[in-house]
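The values are calculated or read from the model by the stated rules, or taken from the named source; none is laboratory data. As the structure is a computational prediction, the values presented were derived from the model and not from experiment. Here the Cβ positions follow ideal geometry from the backbone for every residue, glycine too, while neighbour counts run over all protein chains shown. The area values use the complete protein model at the heavy-atom level, side chains included, leaving out ligands, DNA and RNA. Shrake-Rupley method; radii C 1.70, N 1.55, O 1.52, S 1.80 Å.
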Amino acid sequence: MGIKFTDPYDVAAHCARAALGMMDRHGVPAHPNNFMVWYAFVADRNPDLTKAVNGILRAGQKFSDDICADLYERFFGTSQHEAELRAVGKRIEDAVARVLEYLVTANAGAAQYGEALQNFSGELEVKDAADLGVLVRSILDETKMMIEVNRQLEQRLETSSSEIARLREDLDQLKREATTDALTGLANRKLFDVALREAALESEEERKFLSLLMIDIDFFKNFNDTHGHMLGDQVLKLVARTISDSIKGKDTAARYGGEEFAIILPDTRLKDAVAVADNIRRLVASRKVLNRRTGQVLGQVTLSIGVAEYEFGETLGAFVHRADEALYLSKRQGRNRVMSQDDLTSTSHLEFDDGE
């Protein structure tokens, strides 16, 4: 879940003042959830949270309600999807328990019927012809009762099977929603983290290449401010569709956050990952953004992309950071370009203007 704060009074008071001051400077409403995020950021409680906030600051983004809510949900919130998944899982367990109960009842009925038949068999040996009619009617009554029990069981099992099938569909849908970005249809940050861990583990165990692309839409904030969020969302969808169409197999494309995307490329060495990145960059840059209602050409969308290759034994944080650094190098070098970890070494002696 979240972070527990056990700071002494003086430290807590200092962090609280600093958090409120930063929230005020960046126009962040002082809601409890927002305060928790910024307190943890000031107190440096979570390296991933610190990186996320610093990335937003460095990109010059405004801390909108959506961004604030996303930060809280990622680092502190109990996802609504997770609660729904637990609820559906419990309903499946209950339905299966009912099926087992029906089967226990059916087994008891079958055992009782078998015992009755065995008793009838013994009685047949001692009964005379006059009593056979009564005995046969008793057997028929027991048989009819058993048939009715089986009919009821069949109905209950059919109803329960249909309910379980529906619940499984609901569960699959919730799982998809819990790991998919609603706007773009790509994997969300949560699924990205899981996929990256699995890819790195496979890379370590099988000694395979693994590369990572970090992608950012150039000047997206300006586009959003100029043309509005609805057209901004269309740009995000356009980029996501291009990315999705450009990958295959075990590759995982994710919306990393805001206008930033990431692609995990298993079995891919650095030079091939750079080629994938440049293909995506060229495809996006070749398309014009149109306002469908007015037919007005709103301009060109370009991407800055950073590429890194996994080094056996390194932390995933270091891996992502290296791709991130290559991404910001591409922005500093003029945007609409691909830079890799190799370029970080060759340009380490240079200084860049940090403006957007």
Is there a residue being closer than 20 Å to Q300 by Cβ and polar (S, T, N, Q) anywhere in segment 235-249? yes
Segment 44-72 residues that are closer than 19 Å to C15 by Cβ and open to solvent by less than 70 Å² (accessible area, probe 1.4 Å), paired with ones that are aliphatic (A, V, I, L, M) and at pLDDT below 75 (beta carbon under 9 Å, 6 or more apart): N46/I3; L49/I3
Scan segment 256-286 for residues that are touching a helix residue (DSSP H, G or I) at 6+ places or on another chain (Cβ under 7 Å) and within 14 Å of L238 (Cβ to Cβ) and jot them down. E259, F261, I280, L283, V284
When residues of segment 248-258 are limited to those that are of a type in the set (K, R) and farther than 21 Å from G317 by Cβ, the one surrounded by the most Cβ atoms within 10 Å (Cβ to Cβ): K250
Taking interchain pairs and intrachain pairs at least six residues apart, which have beta carbon atoms under 6 angstrom, with the first residue in segment 205-226 and farther than 22 Å from G55 by Cα and the second of a type outside the set (F, W, Y) and crowded, with 22+ Cβ neighbours inside 10 Å? F209/T268; L210/A199
Over segment 259-312, the set of residues in contact with a Lys or Arg (Cβ under 7 Å, 6 or more places away or on another chain), under 20 Å from T345 (Cα atoms) and open to solvent by 10 Å² or more (accessible area, probe 1.4 Å) is E309
Identify the residue in segment 1-30 that is of a type outside the set (A, V, I, L, M) and in contact with a Cys (Cβ under 8 Å, 6 or more places away or on another chain) and, among all such residues, is modelled with the lowest pLDDT. D7
Residue check, K237 open to solvent by 30 Å² or more (accessible area, probe 1.4 Å), part of a helix (DSSP H, G or I) and within 12 Å of I217 (Cβ to Cβ): yes
Are any of the residues in segment 219-231 farther than 30 Å from V297 by Cβ and outside any helix (DSSP H, G or I)? no
The one condition in (1) modelled with pLDDT of 95 or more; (2) surrounded by fewer than 22 Cβ atoms within 10 Å (Cβ to Cβ); (3) more than 18 Å from the chain's Cα centre (by Cα) that L210 fails to fulfil: (2)
Just give me the residues in segment 296-313 being over 14 Å from A273 (Cβ atoms) and either modelled with pLDDT under 90 or part of a strand (DSSP E or B) (or both), in sequence order. Q296, V297, L298, G299, Q300, L303, S304, G313
Being free of Cβ contacts under 8 Å to residues at least 60 places away in the same chain and under 20 Å from F319 (Cα atoms) is true for just one of D233, D272, D267, D245. Which residue is that? D267
Only one of (1) open to solvent by less than 30 Å² (accessible area, probe 1.4 Å); (2) modelled with pLDDT of 90 or more fails for T347. Which number is that? (2)
Quick check: is even one residue across segment 160-179 within 28 Å of R322 (Cβ to Cβ) and either under 18 Å from the mean Cα position of the chain (by Cα) or at pLDDT 70 or above (or both)? yes
